[in-house]
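Below: the structure, in structure tokens.
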Amino acid sequence: MNRLDATAIVVTYNSTTHISSCLGALIDAGLAVRVVDNASSDGTAAFVAARFPEVPVISNSANVGYAAAINQALAATDTDIVLLVNPDCMVPAATARGLVHTIRSGPQVGVAGPRLVDPDGNIAISAHPFESWITVLASRFGGGLLPVPLRRLFCGTRRRSTYDACRQPGLPIAVDWLSGACMAVRTALLRQIGGLDEGYFMYYEDEELCLQVWRQGAQVLYVPAVKAIHVGGASCDDPSWIWPHLYRSLLRFFARHRPRSYPVVRATILLRAVLGVALAVARQPRAGVRANPRVRAWAQVVQIARTATPIARTTAPTLTGVPTCTS
């Protein structure tokens, strides 16, 4: 395989189960690869060093978060394109080449992402419109309770067209934002916007990135002709660790970019968390708080929503070809 003049950055955290498939595919694609390990307790860093001695590994002594780890590797990257790839994502060589080709197809392209499928081949929805308080309300109180046809009926035209693009073959299409499980980014543009926003420990850094790319006048393209296999949730499945980061990042995104919607979103999260605690206790009434991770998780989210204060707000961007991110 000829060298593909691009660099893949992989941030690991307890990733020994999937990292061989991930790195093997990236190396087979001809990519330079850099790994940043966020203080794994399962020996991921040592495993990578032994199994892939050609791959540089930055071993952090503490978990600095996804965005900060990406920026560490970005500082030492000298190619014009970087692929941000999760350790539980397998990117075939054809997909890597397709994403790099898409970025190089025109100076207006800033980000490109593939169709994501799970190991069974089921298509994941990985392209999205920017979130609003309505989508937060629907996802927190609808979600899996509403059948897909009904959810489609209540979502907007742009959301339906974006989700249809995920499920159907076609040419690259401009979308608001893409899942960060696998995306190619123009390196100069990523540096121009300051790298990933380290204010997000994890979650929402991909939506923030795509928003900033649109702000710079570049495009975010979903490329359904190529695919990557994404397991999802491989590093940790403990809601008491995941959910607080998710909701803290969600609140940060709305405080920055949808300030008028922020109070509604905060109230929605608080209500959902209170209900979550009540339902978790009702389902396991004899289990103590420490023995019930869902109770612990929702209790932390309650505290986050109660004490959250809006951060410094930024001017809402005006985007070409996509909805403006205003309240």
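The values are calculated or read from the model by the stated rules, or taken from the named source; none is laboratory data. All of these numbers come straight from a predicted model, not from anything done at the bench. For neighbour counting, all protein chains shown are included, and Cβ atoms are generated from backbone atoms with ideal geometry for every residue, glycine included.
Here are the numbers for this structure:
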{"item": "Residues of region 192-206 satisfying the condition of being farther than 19 Å from Ile81 by Cα and acidic (Asp, Glu)", "result": "Glu198"}
{"item": "From the options Pro107, Pro87, residue that is under 22 Å from Thr187 (Cβ atoms), at pLDDT below 95 and in a loop (DSSP other than H, G, I, E, B)", "result": "Pro107"}
{"item": "Selection within region 1-47 - of a type in the set (Val, Ile, Thr) and surrounded by fewer than 16 Cβ atoms within 10 Å (Cβ to Cβ)", "result": "Thr17"}
{"item": "Filter result (surrounded by fewer than 21 Cβ atoms within 10 Å (Cβ to Cβ) and either at pLDDT 95 or above or part of a helix (DSSP H, G or I) (or both)) within region 230-247", "result": "Pro239, Ser240, Trp241, Ile242, Pro244, His245, Leu246"}
{"item": "Among residues of region 106-127, those that are of a type in the set (Gly, Ala, Ser) and without any contact (Cβ under 8 Å) to a residue 12 or more places away in the chain, counted", "result": "2"}
{"item": "Conditions (1) under 30 Å from Pro114 (Cβ atoms); (2) modelled with pLDDT under 85: number failed by Gly217", "result": "(2)"}
{"item": "Condition check for Val11: in the same structural domain as Gln216 (by TED's automatic domain parsing), within 29 Å of Leu246 (Cβ to Cβ) and modelled with pLDDT of 95 or more", "result": "yes"}
{"item": "Candidates Ala50, Ala67, Ala96, Ala112 - the one that is modelled with pLDDT of 95 or more, more than 25 Å from Thr187 (Cα to Cα) and in the same structural domain as Phe201 (by TED's automatic domain parsing)", "result": "Ala50"}
{"item": "Which numbered condition Thr162 fails, given (1) crowded, with 21+ Cβ neighbours inside 10 Å; (2) at pLDDT 95 or above; (3) not acidic (Asp, Glu)", "result": "(2)"}
{"item": "Only one of Tyr200, Tyr222 that is at pLDDT 95 or above, in contact with a helix residue (DSSP H, G or I) (Cβ under 9 Å, 6 or more places away or on another chain) and assigned to a strand (DSSP E or B)", "result": "Tyr222"}
